[in-house]
1. If you take the charge dipole of the range 6-208 about its Cα centre, with +1 on Lys and Arg Cβ and -1 on Asp and Glu Cβ, which of I79, T141, V191 is farthest toward its positive end?
2. Using unit Cβ charges (K, R positive; D, E negative) and no other charged atoms, how large, in debye to the nearest 20, is the dipole of the chain about its Cα centre?
3. May I ask you to compute the full-extension gain from K182 to Q26, defined as 0.36 nm times their residue separation minus their alpha-carbon distance, rounded to one decimal in nm?
4. Using DSSP, restrict attention to beta bridges with both residues in the chain and report what percent are antiparallel, rounded to the nearest 5.
5. Go through L105, F202, A120 and say which Cα lies farthest out towards the positive end of the charge dipole of the range 6-208; charges sit on Cβ, +1 for Lys and Arg, -1 for Asp and Glu.
6. Rank these for me by crowding, F69, F202, going from fewest to most other beta carbons within 10 Å.
7. Counting pairs of alpha carbon atoms under 8 Å apart in space and at least six apart in sequence, what relative contact order in percent does the range 6-208 give?
8. I need the Kirkwood Rh of the chain: take the reciprocal of the average 1/r across all distinct C-alpha pairs and report it in angstrom.
Amino acid sequence: MRKHSKEYLANLTPSKCYNILVEGNQRFVNNLSTDHDHLEMVNETRDEQYPFAVVLSCMDSRTSVELIFDQGLGDLFSIRIAGNIVNNDILASLEYAVKYVGSKLLVVLGHTECGAINSAKKGVKDGHISQLLNKINPAITKAMLEQDDARIFPDPVAYTNVENSLEEIISGSDIVKDLFSKGEIGIVGAVYNVDNGKVDFFKNLTKKVK
């Protein structure tokens, strides 16, 4: 079965898609990344695309999702914005991926040492940046309130910011919520550690789907 095909995607489950990302990151961390034939992938996907997952991540230059999950052209939808925040355009892009293309897994990926988060902590105000940072401020407050949480995270705000984005997606998109409730997609929250390349999949909701 050809990998980049509608049939291949239809036979994947959200849990299988999750495992593909976990295994891909393990290869990346251990420097065992697959030798992707990019020209072949270009030929396979020139007429159609069937990415198995859609990833909302930060625009940080160190967090290219195809690299850290060891995937190739046509495997992932990548939506990138500073601070992996959510707005209506982001919601529309996610809805397109899961409803009209059929991606089985929705991932929100934050990362440690995030410049947007650090700027929000410092109260930076400048141009349109101010509006974006305002969407991160609730995560800072939440992290401070939960500082005695039993979980010990290397960067609490990065984690709470991912959680907040997940909540905004589920509450803001009836399409995503409906597909998730039907078991047609899985939802995962994760944080990439820029120090060692590891992804911490700390919130895995694929187990709740069929």
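1. Going by the Cα projections, it comes out as T141.
2. Working: 23 positive and 28 negative charges, 84 e Å.
The dipole of the chain has a size of about 400 debye.
3. Details: separation 156, 0.36 × 156 = 56.16 nm, distance 3.01 nm.
My answer for the length gained is 53.2 nm.
4. Taking every DSSP beta bridge with both residues in the chain, the antiparallel ones total about 20 percent.
5. Result: A120, furthest along the dipole toward the positive end.
6. F202, F69
7. On the way: 328 pairs, mean separation 48.1, N = 203.
Computed value for the range 6-208: 24 percent relative contact order.
8. Evaluated over the chain, this radius sits at 17.6 Å.
Only the coordinates and a few stated rules stand behind these numbers; no lab work does. Quick caveat: nothing in here was measured; it's all calculated off a predicted structure. Here the Cβ is made from the backbone with ideal geometry for all residues, glycine too, and neighbour counts use every protein chain on show.
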